[in-house]
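Working notes for the structure below.
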Amino acid sequence: MRNEMEMILSLIIPIYNVEVELKELLERLRRMSLQNVELVFVDDGSRDSSGGVIDDFSQMYDGNIKVIHQENQGLSGARNTGIDNAVGKYLWFVDPDDLIDITSITQVVDFLQVNPSIQFFQFKFDTFETEGDLNKNNKDYELDQLTAKLVNSSDMFKLIATGKIQSFAWAHIIQKIVFTESKIRFPVGLTFEDVATTYKLILNSQVLALSSDVLYHYRIRSGSIMRTPSVESVEDLATVAINVRDDFPYLESNFLQTDFVDRTFQTAINRSFEVGSGGNVDKIRSMLEREYLQTKFCKNGKKGFQICLKKMLMIFGLYDILQSKRVKRITEAKQ
């Protein structure tokens, strides 16, 4: 193994009950032999054979690898454990049911070595359901040369505030020092932990890069948290929305911060309607709308007008009616 100080990239891969999909990712990683890349697997108390699959893989793998077994702490806890144990200059969070291309990793490492000042690197991703979909659509391609443009934190924050890029932790690579010096960690016990974390990483980075190259393949799963609204996910999103708002004390005078906080609140409120009505979800929605009404947003421009309109609709009970109709139309279209 090479000296730890020379490690460029750590792939942090949290594991929990994904033995079938995990094997597809491992088959790809098995072909990687880069000496300046390490694999950090965190088995988060899996109840299937995922932990054993990783242990077997570690015995066969010739490169740099760490396997950590811990009691279940959730995705945030597993990622935080990975951060604490990784020695790479850069961190890339990879979900075990998704896929990446080995040639892409090589290009990423080369790019980061040529541009050592970059702290936050955002790239594109595509989606698939089975690995056969990738092969059929020729999405598992060899990347000839990675291209990216340098941006500042304000420009990148504008992209996330306006929804041009998303908060997924696996859609960017980050210098570990941004986590450690800014004391940023994923919030344990919350889903949608990416929303609560990515904007902080952006705002605490000095040099950022944006690429239009696809470096990650995200697997669409019918039972995933993203695709299955629940009362618990709405409650977590509500907590995230309020925490995000409280991170911006001068919201009233900042258009971009207003856009970001408004978008975060709307995601939580809209998801509550997707869950339905009755019981706790109604209480959470009422709390969210009350917090939204009390939030002092920037009132300038088109966004300010839209927010004022939404607040008026909420006050008179019309917003709930419109959102319920929206969800009904979506549900009927799927049938």
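Residue check, residue 268 against (1) touching a residue at least 40 places away in the same chain (Cβ under 8 Å); (2) surrounded by 18 or more Cβ atoms within 10 Å (Cβ to Cβ); (3) assigned to a helix (DSSP H, G or I), all met but one. Which one?
Of the numbered conditions (1) touching a residue at least 40 places away in the same chain (Cβ under 8 Å); (2) surrounded by 18 or more Cβ atoms within 10 Å (Cβ to Cβ); (3) assigned to a helix (DSSP H, G or I), the odd one out for residue 268 is (1).
Go through (1) assigned to a helix (DSSP H, G or I); (2) at pLDDT 90 or above and name the single condition residue 331 misses.
Every listed condition holds for residue 331 apart from (2).
Between residues in segment 141-167 that are outside the structural domain of residue 209 (by TED's automatic domain parsing) and residues that are modelled with pLDDT of 95 or more and outside any helix (DSSP H, G or I), which pairs lie under 6 Å by C-beta distance while being six or more apart or on different chains?
Every condition considered, no pair remains.
Picking from 233, 167, 222, which residue would you name as being at pLDDT below 95 and under 17 Å from the mean Cα position of the chain (by Cα)?
That would be 233, the only listed residue that is at pLDDT below 95 and under 17 Å from the mean Cα position of the chain (by Cα).
Yes/no matrix, rows are residues, columns are (1) surrounded by fewer than 22 Cβ atoms within 10 Å (Cβ to Cβ); (2) of a type in the set (A, V, I, L, M); (3) free of Cβ contacts under 8 Å to residues at least 60 places away in the same chain:
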site: 23; (1), (2), (3): yes, no, yes
site: 30; (1), (2), (3): yes, no, yes
site: 50; (1), (2), (3): no, no, yes
site: 53; (1), (2), (3): yes, yes, yes
site: 78; (1), (2), (3): no, yes, no
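What single numbered condition from (1) assigned to a loop (DSSP other than H, G, I, E, B); (2) farther than 22 Å from residue 217 by Cβ fails to hold for residue 34?
The number of the failed condition is (2).
Among the residues of segment 168-178, write down those that are crowded, with 21+ Cβ neighbours inside 10 Å and either in contact with a Ser or Thr (Cβ under 9 Å, 6 or more places away or on another chain) or assigned to a loop (DSSP other than H, G, I, E, B) (or both).
Of everything in segment 168-178, those that are crowded, with 21+ Cβ neighbours inside 10 Å and either in contact with a Ser or Thr (Cβ under 9 Å, 6 or more places away or on another chain) or assigned to a loop (DSSP other than H, G, I, E, B) (or both) turn out to be 169, 172, 174, 175.
Please count how many residues of segment 8-31 are assigned to a strand (DSSP E or B) and within 20 Å of residue 76 (Cβ to Cβ).
6
Would you mind finding the one in 145, 122, 107 that is in contact with a Leu (Cβ under 6 Å, 6 or more places away or on another chain) and modelled with pLDDT under 95?
107
The values are calculated or read from the model by the stated rules, or taken from the named source; none is laboratory data. As the structure is a prediction and not an experimental result, all values here were calculated from the model. Cβ atoms come from the backbone with ideal geometry, glycine included; neighbour counts cover every protein chain shown.
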